[in-house]
Amino acid sequence: MINFKSIPFLKILLPYVVGILCAFYFGMFRNFHLIFFSCFCLWIFAFSFQKFYKSTLYFKKGFFVLCTNALLFLLAFESCYLYNAKNNNEHYSHRVTYQGQKFIATITDIPVTSEKFIKIPIQINSIEQNNEWRYVEGNTIVYLKNDSSLALNLGDRILLDSKFSSINEPKNPNEFDYTIFLENKNIFHVVYAKPNLTHLVSKNSGSFNVTSLGILIKSKLITILRNSELSQPAFSICSALLVGYDDEIDSEVMQSFSHSGTLHILSVSGMHTGVLYAILIFIFSKFDKYDRYKKTKLLFVLFFLLLFILVTGLSPSVLRAALMLSLVLIGKTFYKQGNAYNTL
(Lines give C-alpha, C1' and ligand atoms only; values in the text may rest on other atoms or scores of the structure.)
Protein backbone atom coordinates (compact mmCIF):
# COMPACT_ATOMS: atom_id res chain seq x y z
CA MET A 1 0.00 0.00 0.00
CA ILE A 2 1.25 3.48 -0.88
CA ASN A 3 2.37 5.60 2.06
CA PHE A 4 1.19 9.08 1.12
CA LYS A 5 3.32 10.68 3.84
CA SER A 6 6.45 9.70 1.90
CA ILE A 7 5.33 11.36 -1.35
CA PRO A 8 4.63 15.04 -0.53
CA PHE A 9 5.35 16.20 -4.08
CA LEU A 10 2.59 14.00 -5.47
CA LYS A 11 0.12 15.40 -2.95
CA ILE A 12 1.11 18.95 -3.90
CA LEU A 13 0.82 18.27 -7.63
CA LEU A 14 -2.67 16.75 -7.61
CA PRO A 15 -4.72 19.94 -6.90
CA TYR A 16 -2.38 21.95 -9.14
CA VAL A 17 -2.82 19.58 -12.10
CA VAL A 18 -6.60 19.49 -11.56
CA GLY A 19 -6.58 23.30 -11.63
CA ILE A 20 -4.64 23.36 -14.92
CA LEU A 21 -7.10 20.92 -16.51
CA CYS A 22 -10.07 23.00 -15.33
CA ALA A 23 -8.48 26.19 -16.67
CA PHE A 24 -7.74 24.47 -19.99
CA TYR A 25 -11.20 22.99 -20.53
CA PHE A 26 -13.46 25.55 -18.84
CA GLY A 27 -11.44 28.75 -19.12
CA MET A 28 -11.01 31.52 -16.57
CA PHE A 29 -13.82 32.58 -14.24
CA ARG A 30 -14.61 36.11 -13.13
CA ASN A 31 -12.61 37.80 -10.35
CA PHE A 32 -10.25 34.84 -9.97
CA HIS A 33 -7.38 37.23 -9.09
CA LEU A 34 -9.37 38.52 -6.11
CA ILE A 35 -10.39 35.01 -5.09
CA PHE A 36 -6.77 33.83 -5.31
CA PHE A 37 -5.58 36.72 -3.13
CA SER A 38 -8.34 36.05 -0.59
CA CYS A 39 -7.43 32.34 -0.53
CA PHE A 40 -3.76 33.24 -0.04
CA CYS A 41 -4.63 35.39 2.97
CA LEU A 42 -6.81 32.59 4.35
CA TRP A 43 -3.94 30.11 3.87
CA ILE A 44 -1.56 32.39 5.85
CA PHE A 45 -4.13 32.48 8.65
CA ALA A 46 -4.52 28.67 8.55
CA PHE A 47 -0.76 28.17 8.60
CA SER A 48 -0.30 30.56 11.53
CA PHE A 49 -3.24 28.99 13.37
CA GLN A 50 -1.79 25.49 13.04
CA LYS A 51 1.78 26.57 13.82
CA PHE A 52 1.32 28.81 16.84
CA TYR A 53 -2.02 27.84 18.39
CA LYS A 54 -0.95 25.01 20.68
CA SER A 55 -4.40 23.82 21.72
CA THR A 56 -5.32 20.46 20.19
CA LEU A 57 -8.18 20.89 17.74
CA TYR A 58 -9.12 18.12 15.35
CA PHE A 59 -10.25 20.44 12.59
CA LYS A 60 -7.03 22.53 12.71
CA LYS A 61 -4.97 20.28 10.40
CA GLY A 62 -7.94 19.59 8.13
CA PHE A 63 -8.56 23.31 7.73
CA PHE A 64 -4.90 23.90 6.79
CA VAL A 65 -4.90 21.03 4.24
CA LEU A 66 -8.14 22.31 2.69
CA CYS A 67 -6.73 25.85 2.36
CA THR A 68 -3.47 24.50 0.86
CA ASN A 69 -5.31 22.47 -1.78
CA ALA A 70 -7.57 25.41 -2.65
CA LEU A 71 -4.54 27.69 -2.95
CA LEU A 72 -2.73 25.25 -5.28
CA PHE A 73 -5.88 24.82 -7.36
CA LEU A 74 -6.21 28.60 -7.83
CA LEU A 75 -2.45 28.96 -8.37
CA ALA A 76 -2.88 26.80 -11.48
CA PHE A 77 -5.35 29.34 -12.88
CA GLU A 78 -2.87 32.14 -12.19
CA SER A 79 -0.12 30.15 -13.95
CA CYS A 80 -2.29 29.61 -17.03
CA TYR A 81 -3.21 33.28 -17.06
CA LEU A 82 0.44 34.37 -16.89
CA TYR A 83 1.48 31.84 -19.55
CA ASN A 84 -0.94 33.29 -22.11
CA ALA A 85 1.06 36.10 -23.73
CA LYS A 86 -2.12 37.92 -24.80
CA ASN A 87 -2.77 38.80 -21.16
CA ASN A 88 0.33 41.01 -21.25
CA ASN A 89 -0.72 44.62 -21.90
CA GLU A 90 2.39 45.13 -24.04
CA HIS A 91 1.69 42.19 -26.35
CA TYR A 92 1.68 43.21 -30.01
CA SER A 93 -1.78 41.67 -30.63
CA HIS A 94 -3.38 44.64 -28.82
CA ARG A 95 -2.03 46.96 -31.55
CA VAL A 96 -2.67 44.89 -34.67
CA THR A 97 -4.84 46.59 -37.30
CA TYR A 98 -4.86 43.74 -39.88
CA GLN A 99 -3.69 46.25 -42.47
CA GLY A 100 -0.20 47.10 -43.61
CA GLN A 101 1.93 47.96 -40.56
CA LYS A 102 5.59 48.63 -39.99
CA PHE A 103 7.28 46.79 -37.17
CA ILE A 104 10.80 45.97 -36.01
CA ALA A 105 11.63 42.45 -34.91
CA THR A 106 14.57 40.25 -33.93
CA ILE A 107 15.16 36.82 -35.46
CA THR A 108 15.02 34.37 -32.56
CA ASP A 109 15.73 31.05 -34.27
CA ILE A 110 17.42 29.61 -37.32
CA PRO A 111 15.65 30.68 -40.56
CA VAL A 112 14.41 27.64 -42.49
CA THR A 113 14.84 27.91 -46.27
CA SER A 114 12.57 26.02 -48.66
CA GLU A 115 12.11 26.25 -52.40
CA LYS A 116 9.64 29.16 -52.27
CA PHE A 117 9.76 30.63 -48.76
CA ILE A 118 12.05 31.37 -45.84
CA LYS A 119 10.39 30.63 -42.51
CA ILE A 120 11.69 33.07 -39.88
CA PRO A 121 10.71 32.92 -36.17
CA ILE A 122 10.82 36.46 -34.77
CA GLN A 123 10.26 38.43 -31.60
CA ILE A 124 8.54 41.75 -32.21
CA ASN A 125 10.25 44.71 -30.52
CA SER A 126 8.20 47.72 -31.65
CA ILE A 127 5.27 48.45 -33.93
CA GLU A 128 3.94 51.53 -35.68
CA GLN A 129 0.41 52.60 -34.81
CA ASN A 130 -1.17 55.92 -35.80
CA ASN A 131 2.24 57.17 -36.99
CA GLU A 132 3.78 56.47 -33.58
CA TRP A 133 6.27 53.76 -32.65
CA ARG A 134 5.29 51.75 -29.58
CA TYR A 135 7.24 49.17 -27.63
CA VAL A 136 5.63 45.71 -27.81
CA GLU A 137 6.45 42.09 -27.03
CA GLY A 138 5.46 38.75 -28.50
CA ASN A 139 6.57 36.10 -30.98
CA THR A 140 5.32 35.25 -34.44
CA ILE A 141 6.46 33.63 -37.68
CA VAL A 142 7.37 35.44 -40.90
CA TYR A 143 7.14 33.71 -44.27
CA LEU A 144 9.38 35.59 -46.67
CA LYS A 145 9.59 34.88 -50.38
CA ASN A 146 12.93 33.26 -51.09
CA ASP A 147 15.32 35.96 -52.26
CA SER A 148 19.06 35.31 -52.31
CA SER A 149 19.81 39.04 -52.12
CA LEU A 150 18.54 39.17 -48.53
CA ALA A 151 20.75 37.10 -46.19
CA LEU A 152 19.21 36.88 -42.72
CA ASN A 153 20.69 35.12 -39.71
CA LEU A 154 19.93 34.40 -36.09
CA GLY A 155 19.96 37.59 -33.99
CA ASP A 156 19.49 40.02 -36.90
CA ARG A 157 17.05 42.89 -36.41
CA ILE A 158 14.74 43.57 -39.35
CA LEU A 159 12.15 46.13 -40.37
CA LEU A 160 9.03 44.82 -42.09
CA ASP A 161 6.08 46.50 -43.73
CA SER A 162 3.33 43.92 -43.90
CA LYS A 163 0.10 42.84 -42.27
CA PHE A 164 -0.61 40.22 -39.64
CA SER A 165 -2.70 37.29 -40.85
CA SER A 166 -4.83 35.01 -38.72
CA ILE A 167 -3.90 31.34 -38.84
CA ASN A 168 -6.29 29.26 -40.92
CA GLU A 169 -8.40 26.80 -38.97
CA PRO A 170 -8.71 23.17 -40.19
CA LYS A 171 -11.30 22.66 -42.92
CA ASN A 172 -11.80 18.93 -42.45
CA PRO A 173 -13.16 17.08 -39.39
CA ASN A 174 -10.52 15.57 -37.06
CA GLU A 175 -7.75 17.31 -39.02
CA PHE A 176 -4.62 18.44 -37.17
CA ASP A 177 -5.41 21.88 -35.74
CA TYR A 178 -2.34 23.96 -36.53
CA THR A 179 -4.03 27.03 -35.02
CA ILE A 180 -4.25 25.50 -31.54
CA PHE A 181 -0.74 24.06 -31.91
CA LEU A 182 0.71 27.55 -32.47
CA GLU A 183 -1.51 29.22 -29.87
CA ASN A 184 -0.15 26.80 -27.27
CA LYS A 185 3.25 28.23 -28.19
CA ASN A 186 1.87 31.80 -27.81
CA ILE A 187 1.92 32.42 -31.57
CA PHE A 188 -1.37 33.97 -32.71
CA HIS A 189 -0.53 35.35 -36.17
CA VAL A 190 1.71 34.76 -39.14
CA VAL A 191 3.19 37.35 -41.49
CA TYR A 192 3.63 36.91 -45.25
CA ALA A 193 6.27 39.47 -46.19
CA LYS A 194 7.80 40.61 -49.47
CA PRO A 195 11.58 40.98 -49.88
CA ASN A 196 11.32 44.55 -51.14
CA LEU A 197 9.42 45.55 -47.98
CA THR A 198 11.85 43.79 -45.64
CA HIS A 199 15.02 45.61 -44.57
CA LEU A 200 17.93 44.66 -42.37
CA VAL A 201 18.23 47.16 -39.49
CA SER A 202 21.29 45.66 -37.80
CA LYS A 203 23.25 42.46 -37.74
CA ASN A 204 23.29 40.32 -34.60
CA SER A 205 21.48 42.46 -32.02
CA GLY A 206 23.79 41.28 -29.26
CA SER A 207 21.01 40.61 -26.74
CA PHE A 208 22.10 37.77 -24.46
CA ASN A 209 20.16 35.28 -22.39
CA VAL A 210 20.47 31.60 -21.61
CA THR A 211 18.01 30.55 -24.32
CA SER A 212 19.74 32.62 -27.01
CA LEU A 213 23.06 31.02 -26.03
CA GLY A 214 21.59 27.57 -26.65
CA ILE A 215 20.12 28.60 -30.00
CA LEU A 216 23.46 30.15 -30.99
CA ILE A 217 25.29 26.89 -30.24
CA LYS A 218 22.60 25.00 -32.14
CA SER A 219 23.05 27.35 -35.12
CA LYS A 220 26.83 26.84 -35.11
CA LEU A 221 26.46 23.05 -35.05
CA ILE A 222 23.99 23.13 -37.93
CA THR A 223 26.33 25.39 -39.92
CA ILE A 224 29.20 22.94 -39.38
CA LEU A 225 27.02 20.05 -40.57
CA ARG A 226 25.75 22.07 -43.54
CA ASN A 227 29.28 22.98 -44.66
CA SER A 228 30.48 19.38 -44.39
CA GLU A 229 30.43 16.95 -47.29
CA LEU A 230 27.18 15.32 -46.18
CA SER A 231 24.38 14.94 -48.70
CA GLN A 232 21.17 16.87 -48.07
CA PRO A 233 19.25 13.82 -46.69
CA ALA A 234 22.20 12.89 -44.45
CA PHE A 235 22.55 16.49 -43.22
CA SER A 236 18.84 16.76 -42.38
CA ILE A 237 18.84 13.46 -40.48
CA CYS A 238 22.04 14.27 -38.55
CA SER A 239 20.81 17.72 -37.54
CA ALA A 240 17.50 16.20 -36.37
CA LEU A 241 19.25 13.50 -34.32
CA LEU A 242 21.82 15.83 -32.73
CA VAL A 243 19.97 19.07 -32.02
CA GLY A 244 16.34 18.47 -32.98
CA TYR A 245 16.48 20.57 -36.18
CA ASP A 246 14.04 18.64 -38.38
CA ASP A 247 12.67 21.45 -40.57
CA GLU A 248 14.67 20.44 -43.64
CA ILE A 249 13.90 16.72 -43.68
CA ASP A 250 12.42 15.69 -47.03
CA SER A 251 8.83 14.42 -46.94
CA GLU A 252 9.87 11.15 -48.61
CA VAL A 253 12.45 10.52 -45.89
CA MET A 254 9.80 11.23 -43.24
CA GLN A 255 7.43 8.76 -44.89
CA SER A 256 10.15 6.11 -45.03
CA PHE A 257 10.81 6.43 -41.31
CA SER A 258 7.07 6.51 -40.64
CA HIS A 259 6.40 3.29 -42.60
CA SER A 260 9.24 1.52 -40.78
CA GLY A 261 7.88 2.58 -37.37
CA THR A 262 11.03 4.53 -36.44
CA LEU A 263 9.80 8.09 -36.95
CA HIS A 264 10.25 8.87 -33.23
CA ILE A 265 14.04 8.57 -33.71
CA LEU A 266 14.05 11.82 -35.72
CA SER A 267 12.46 13.67 -32.81
CA VAL A 268 14.90 14.53 -30.04
CA SER A 269 13.39 12.98 -26.93
CA GLY A 270 14.13 11.36 -23.60
CA MET A 271 15.83 8.45 -25.36
CA HIS A 272 18.47 10.78 -26.80
CA THR A 273 18.93 12.37 -23.36
CA GLY A 274 19.39 8.93 -21.80
CA VAL A 275 22.00 7.98 -24.40
CA LEU A 276 23.89 11.24 -23.75
CA TYR A 277 23.71 10.62 -19.99
CA ALA A 278 25.11 7.09 -20.41
CA ILE A 279 27.96 8.37 -22.61
CA LEU A 280 28.88 11.08 -20.08
CA ILE A 281 28.89 8.60 -17.19
CA PHE A 282 31.02 6.18 -19.25
CA ILE A 283 33.56 8.90 -20.17
CA PHE A 284 33.90 10.06 -16.57
CA SER A 285 34.27 6.49 -15.32
CA LYS A 286 37.41 6.11 -17.44
CA PHE A 287 39.06 8.96 -15.52
CA ASP A 288 37.64 8.07 -12.11
CA LYS A 289 37.56 4.28 -11.90
CA TYR A 290 37.10 4.20 -8.11
CA ASP A 291 34.35 6.83 -8.01
CA ARG A 292 36.26 9.21 -5.75
CA TYR A 293 35.08 12.45 -7.35
CA LYS A 294 31.30 12.09 -7.16
CA LYS A 295 30.59 15.82 -6.87
CA THR A 296 32.85 16.64 -9.81
CA LYS A 297 31.03 14.02 -11.88
CA LEU A 298 27.71 15.54 -10.82
CA LEU A 299 28.74 19.02 -12.01
CA PHE A 300 30.22 17.57 -15.22
CA VAL A 301 27.04 15.69 -16.14
CA LEU A 302 24.66 18.48 -15.08
CA PHE A 303 26.57 21.01 -17.20
CA PHE A 304 26.29 18.94 -20.37
CA LEU A 305 22.66 18.02 -19.72
CA LEU A 306 21.86 21.73 -19.32
CA LEU A 307 23.74 22.48 -22.53
CA PHE A 308 21.77 19.76 -24.35
CA ILE A 309 18.50 21.23 -23.04
CA LEU A 310 19.43 24.66 -24.39
CA VAL A 311 20.64 23.37 -27.76
CA THR A 312 17.37 21.49 -28.34
CA GLY A 313 15.36 24.63 -27.61
CA LEU A 314 14.03 23.54 -24.19
CA SER A 315 12.13 20.63 -25.72
CA PRO A 316 9.63 19.35 -23.08
CA SER A 317 10.66 15.71 -23.55
CA VAL A 318 14.37 16.55 -23.19
CA LEU A 319 13.71 18.85 -20.22
CA ARG A 320 11.67 16.15 -18.49
CA ALA A 321 14.25 13.40 -19.04
CA ALA A 322 17.18 15.63 -18.05
CA LEU A 323 15.42 16.66 -14.83
CA MET A 324 14.65 13.04 -13.93
CA LEU A 325 18.24 11.90 -14.59
CA SER A 326 19.63 14.88 -12.68
CA LEU A 327 17.52 14.05 -9.62
CA VAL A 328 18.62 10.41 -9.74
CA LEU A 329 22.29 11.41 -10.02
CA ILE A 330 21.99 13.97 -7.19
CA GLY A 331 20.48 11.26 -4.99
CA LYS A 332 23.32 8.83 -5.77
CA THR A 333 25.97 11.51 -5.19
CA PHE A 334 24.74 12.31 -1.69
CA TYR A 335 23.81 8.71 -0.85
CA LYS A 336 20.09 9.43 -0.73
CA GLN A 337 17.50 6.84 -1.66
CA GLY A 338 14.89 8.75 -3.63
CA ASN A 339 11.21 7.89 -3.86
CA ALA A 340 10.21 7.15 -7.47
CA TYR A 341 6.84 8.92 -7.09
CA ASN A 342 8.50 12.09 -5.77
CA THR A 343 11.02 12.05 -8.64
CA LEU A 344 8.24 11.56 -11.18
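Quick look at the values:
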item: Scan of the stretch 244-303 for residues that are β-branched (Val, Ile, Thr) and either closer than 20 Å to ILE330 by Cα or part of a helix (DSSP H, G or I) (or both), ordered by number; result: VAL253, ILE265, THR273, VAL275, ILE279, ILE281, ILE283, THR296, VAL301
item: Selection within the stretch 111-136 - more than 27 Å from the chain's Cα centre (by Cα) and hydrophobic (A, V, I, L, M, F, W, C); result: TRP133
item: Check on THR108, within 21 Å of the chain's Cα centre (by Cα), closer than 22 Å to ARG226 by Cβ and hydroxyl-bearing (Ser, Thr, Tyr); result: yes
item: Matching residues in the stretch 126-152 - criterion: being assigned to a loop (DSSP other than H, G, I, E, B), more than 21 Å from GLU115 (Cα to Cα) and open to solvent by 90 Å² or more (accessible area, probe 1.4 Å); result: ASN130, ASN131
item: Every pair of residues 6+ apart whose Cβ atoms lie under 7 Å, when the first sits in the stretch 227-251 and is farther than 15 Å from PRO111 by Cα while the second is open to solvent by less than 30 Å² (accessible area, probe 1.4 Å) and small (Gly, Ala, Ser); result: ASP250/SER236
item: Residue in the stretch 313-331 that is loosely packed, with under 15 Cβ neighbours inside 10 Å, hydrophobic (A, V, I, L, M, F, W, C) and not in a helix (DSSP H, G or I) present; result: yes
item: Contacts under 9 angstrom Cβ, first residue in the stretch 147-168 being touching a residue at least 40 places away in the same chain (Cβ under 8 Å), partner of a type in the set (Asp, Glu) and assigned to a loop (DSSP other than H, G, I, E, B), 6 or more apart; result: LEU154/ASP109
item: Meets criteria (open to solvent by less than 60 Å² (accessible area, probe 1.4 Å), of a type in the set (S, T, N, Q) and not in a helix (DSSP H, G or I)) for THR179; result: no
item: Residues located in the stretch 192-218, provided they are more than 23 Å from MET254 (Cβ to Cβ) and touching a residue at least 60 places away in the same chain (Cβ under 8 Å); result: VAL201, SER205, SER207, VAL210, THR211, SER212, LEU213, GLY214, ILE215, LEU216, ILE217
item: Hey, ASN3 loosely packed, with under 14 Cβ neighbours inside 10 Å and in contact with a helix residue (DSSP H, G or I) (Cβ under 7 Å, 6 or more places away or on another chain) or not; result: no
item: Every pair of residues 6+ apart whose Cβ atoms lie under 7 Å, when the first sits in the stretch 35-47 and is in a helix (DSSP H, G or I) while the second is surrounded by 13 or more Cβ atoms within 10 Å (Cβ to Cβ) and of a type in the set (S, T, N, Q); result: TRP43/THR68
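The values are calculated or read from the model by the stated rules, or taken from the named source; none is laboratory data. Quantities reported herein were computed from a predicted structural model and do not represent experimental measurements. In this analysis, Cβ positions are derived from the backbone assuming ideal geometry, glycine residues included, and neighbour counts consider all displayed protein chains. Protein only, heavy atoms only, side chains kept; ligands, DNA and RNA dropped before computing areas. Shrake-Rupley method; radii C 1.70, N 1.55, O 1.52, S 1.80 Å.
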